[in-house]
1. What residue, among those in the range 154-179 that are without any contact (Cβ under 8 Å) to a residue 24 or more places away in the chain and part of a helix (DSSP H, G or I), is farthest from the chain's Cα centre (by Cα)?
2. Looking at A32, A46, A60, A75, can you tell me which residue is at pLDDT 95 or above, within 26 Å of L134 (Cα to Cα) and under 16 Å from the mean Cα position of the chain (by Cα)?
3. Would you please name the residue that is surrounded by the fewest Cβ atoms within 10 Å (Cβ to Cβ), looking only at residues in the range 59-82 that are part of a loop (DSSP other than H, G, I, E, B) and in contact with a Gly (Cβ under 8 Å, 6 or more places away or on another chain)?
4. In the range 185-220, which residue that is open to solvent by less than 30 Å² (accessible area, probe 1.4 Å), farther than 20 Å from S164 by Cβ and modelled with pLDDT of 65 or more is farthest from the chain's Cα centre (by Cα)?
5. Collect the residues in the range 139-152 that are open to solvent by less than 30 Å² (accessible area, probe 1.4 Å) and more than 24 Å from K120 (Cβ to Cβ), keeping them in residue-number order.
6. Taking the range 3-26 only, how many residues are among the polar types (S, T, N, Q) and either surrounded by fewer than 24 Cβ atoms within 10 Å (Cβ to Cβ) or touching a Leu at 6+ places or on another chain (Cβ under 7 Å) (or both)?
7. Being under 22 Å from F233 (Cα atoms), outside any helix (DSSP H, G or I) and aliphatic (A, V, I, L, M) is the filter here; which residues of the range 33-58 pass it?
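The values are calculated or read from the model by the stated rules, or taken from the named source; none is laboratory data. This is a predicted model, so every value here is computed, not measured. Positions of Cβ are generated from backbone atoms using ideal geometry, with glycine treated the same way; all protein chains shown enter the neighbour counts. Accessible surface areas use protein heavy atoms only, side chains included; no ligands, DNA or RNA. Shrake-Rupley method; radii C 1.70, N 1.55, O 1.52, S 1.80 Å.
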Amino acid sequence: MTYGIDLSGHRALVTGAGQGVGREIATTLAQAGAEVLVNDLVLERAEAVVGEIEGAGGVARPAVFDVTDYDAVVAAFADGGPIDILVNNAGNAGRASTMGREDLATLVQTEPSDWEGFIKVNLYGVMYAVRAALPAMIDAQWGRVVTVISDTARVGETHMPAYSAAKAGAAGFCRSVAREVGRHNITVNCVALGTMNTQGIPPEEDHGLEHIVKKYVIRRRGLPRDIAAMVTFLASPAAEWITGQTYPVNGGYSFAL
């Protein structure tokens, strides 16, 4: 669903778009008329999303590279041609991927080597992609950068200090860049996620993780379409006077400013 937004004539790149939230963002941007470069580490996942977009009448291409490899990012942007919409979606909560468990290590139980993966993907990956994308946007005197972060960056989360720090760092980075590039008609914003349901379970059937869901004013986990709707709006001409902001899309998990 594109909510009447028309992105015809625009080219977007979505990092980490081979599955989950990134996939939904890529397909929604394509439905709005944008040509979409679908980034993933795995070619087969990127190609599957490209096939889905093309099957619906859209235009897309795979863009396989690792966002934590600066040279690879720069080369991919050079090969793919200029884009005017960048969505930084690639990110993770670490190798364990066990968000919400009470047995995750506390800060004093970890070492700097444990933090590196969080920082590289969630902060450096954003910085690398923005650095590679901005010259073409400046030349065009128009651009949109939307970075997907997490509510952990806004309110903190137990057992997740490195992830929270990386996501908060990405938000601070985006605010700084927004000040630099606003005069070029480039906006830079963030979308902060709550706990997501990426398994395609309908909200009325989402009875898992009750201990998490009960913390949300809207009693369900987020769906990829919730995030894609906000990202597509921020990527559109309709959001031309919005920049340097972080928008929580979190079902009311936190009302913190």
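1. Within the range 154-179, the match that is farthest from the chain's Cα centre (by Cα) is S176.
2. Exactly one residue qualifies, and that residue is A46.
3. T68
4. The selected residue is V213.
5. G143, R144, listed by residue number.
6. Result for the range 3-26: 2.
7. Correct list: A34, V36, L37, V38, A56.
Per-residue answers, yes or no, for (1) at pLDDT below 95; (2) over 26 Å from L7 (Cα atoms); (3) crowded, with 22+ Cβ neighbours inside 10 Å:
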site	(1), (2), (3)
T110	yes, yes, no
W115	yes, yes, no
M127	no, no, no
R131	no, no, no
M137	no, no, yes
R154	yes, yes, no
E157	yes, yes, no
G172	no, yes, no
G182	no, no, no
